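My structure is below; once you've seen it, I'll send some questions.
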Amino acid sequence: MIHLQNIEKVYRTDTVETQALSSINLNVAKGEFLSIMGPSGCGKSTLLNIMGLLDEPTRGSIRIADSTADKLSDKQLAHFRNRTIGFIFQSYHLINDLRVLDNVELPLLYRKSTAKERKQLALEALEKVGLSNRTKHFPTQLSGGQKQRVAIARAIVGQPEIILADEPTGNLDSAMGSDVMDILIRLNKDEGTTIVMVTHDENMARKTHRLVRLFDGSQVQ
Ligand code: ADP
Ligand code: ADP
């Protein structure tokens with residue numbers, strides 16, 4: 001589902017050059033739940049951004065869901081990303097002045113669907129994360145765990161084949177973190193969604209199919 005070949009990433013400014021990733025070779029199978037661990041600054045977010053086609057590698061090739069990303073125009077890329085990948089972030093990235101239901105509908109605005117279809121899909125997604133009773137709340141009226149569940153609903157509303165999660169439980173206490181993790185595990189098992197998750201938590205990583213460790217931009221295992 002995700003094929004990375006000899007990926008290298010160098011960030012350059014006028015004065016500094018940072019080698020963020022070196023010769024990363026990684027294949028993520030369809031239906032796999034992979035976790036990525038490693039110390040701060042080792043390149044985890046950079047790797048996830050490259051997998052999510054949010055950032056380009058300096059060298060190397062990337063293939064996502066049988067599409068070769070570098071052959072797409074910017075517009076095609078945005079469309080492909082919207083259809084194929086759902087993103088979840090540590091700090092939720094919800095829009096605070098939109099109600100929960102409207103937050104979840106956002107990814108569907110890029111598609112040719114009616115308001116009624118959007119609402120129906122958003123309600124279904126919220127039901128999957130156990131938040132059918134919070135559709136009219138604003139994000140500021142929710143706990144951290146609930147906010148992350150809304151973010152998961154937004155990530156899955158368009159039924160993407162891939163979920164990329166950057167420390168999804170990083171801001172949550174262990175009970176709320178387990179709830180969020182259980183939802184991701186269920187999504188992977190029941191719907192076959194391929195998931196790549198960056199985490200600092202060994203306990204969460206242990207619940208996934210496979211763990212990749214990064215150190216200083218390289219795979220160590
Ligand atoms: P269990 O919780 O019963 O130990 P497993 O981890 O063995 O479950 O696998 C659960 C499901 O995930 C199975 O359908 C299996 O085929 C699939 N699976 C397990 N590991 C991988 C993997 N590395 N890539 C893709 N699918 C996997
Ligand atoms: P992690 O997610 O593991 O903490 P990152 O992928 O964020 O690591 O960063 C990897 C390395 O690349 C770090 O040394 C970081 O300072 C550097 N880096 C990340 N983003 C940029 C950027 N936009 N410009 C320059 N250097 C960056």
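Quick check: net charge around E105, other residues with Cβ under 9 Å of its Cβ, Lys/Arg +1 and Asp/Glu -1?
Details: positive: R118, K119, R154; negative: D102.
Here the charged neighbours net out to +2.
R0 = 30 Å: FRET efficiency of D216 with L54, Cβ-based, nearest 0.05? Each step should come with its number before you reach the end.
Values: r = 22 Å, r/R0 = 0.74.
My answer for the efficiency is 0.85.
Enter the angle in degrees (range 0 to 90, nearest 10) between the Cα long axis of helix 115-128 and the first principal axis of the Cα atoms of the chain, meaning the one along which they spread out most.
80
In nm, what is the difference between 0.36 nm times the number of residues separating L77 and I185 and their Cα-Cα distance? Kindly include the intermediate steps, with their values, before the conclusion.
On the way: separation 108, 0.36 × 108 = 38.88 nm, distance 2.80 nm.
Result for the pair: 36.1 nm of gain on full extension.
Could you give me the radius of gyration and the Dmax of the chain, taking only the C-alpha atoms into account and expressing both in angstrom?
Cα-based Rg and Dmax for the chain come out at 17.3, 53 Å.
Excluding residues on the same chain fewer than 8 positions from K44, give the lysines whose Cα lies under 16 Å from its Cα.
K9
Let me ask something additional. Could you give the nm distance between label points at K112 and E202, where each point is 7 Å from its Cα heading toward the beta carbon?
Each label point is offset 7 Å from its Cα along the Cβ direction, giving 5.3 nm.
Normalised radius of gyration for region 73-197, please: alpha carbon Rg relative to 2.2 N^0.38 Å, two decimal places.
Numbers: Rg = 13.7 Å, N = 125, 2.2 N^0.38 = 13.8 Å.
For region 73-197, the normalised Cα radius of gyration is 0.99.
What is the gain in length, in nm to one decimal, between N133 and S40 on full extension, counting 0.36 nm per residue of separation less the C-alpha to C-alpha distance?
Numbers: separation 93, 0.36 × 93 = 33.48 nm, distance 3.71 nm.
Value of the extension gain: 29.8 nm.
What does the charge count near S35 come to, summing +1 for each Lys or Arg and -1 for each Asp or Glu among other residues with Cβ under 11 Å from its Cβ?
Working: positive: K44, R206, K207, R210, R213; negative: E32, E167, D201, E202.
Net local charge, S35 excluded: +1.
Pull out the extension gain between S91 and Y11, defined as 0.36 nm times the separation in residues minus the alpha carbon to alpha carbon distance; nm, one decimal. Mind showing how you got there, number by number?
Working: separation 80, 0.36 × 80 = 28.80 nm, distance 2.39 nm.
In short, 26.4 nm is gained.
Here's another thing I want to ask about it. How large is the translational diffusion coefficient of region 3-60 in µm² per second when you combine the Kirkwood radius over alpha carbon pairs with Stokes-Einstein at 37 °C and 0.692 mPa s?
Numbers: Rh = 12.2 Å.
Result for D is 269 µm²/s.
All of the numbers you see were taken from the coordinates with simple rules; none came from a lab. These numbers were taken from a predicted model, which means no experiment stands behind them. Neighbour counts run over all protein chains shown; Cβ positions are idealised from the backbone, glycine included.
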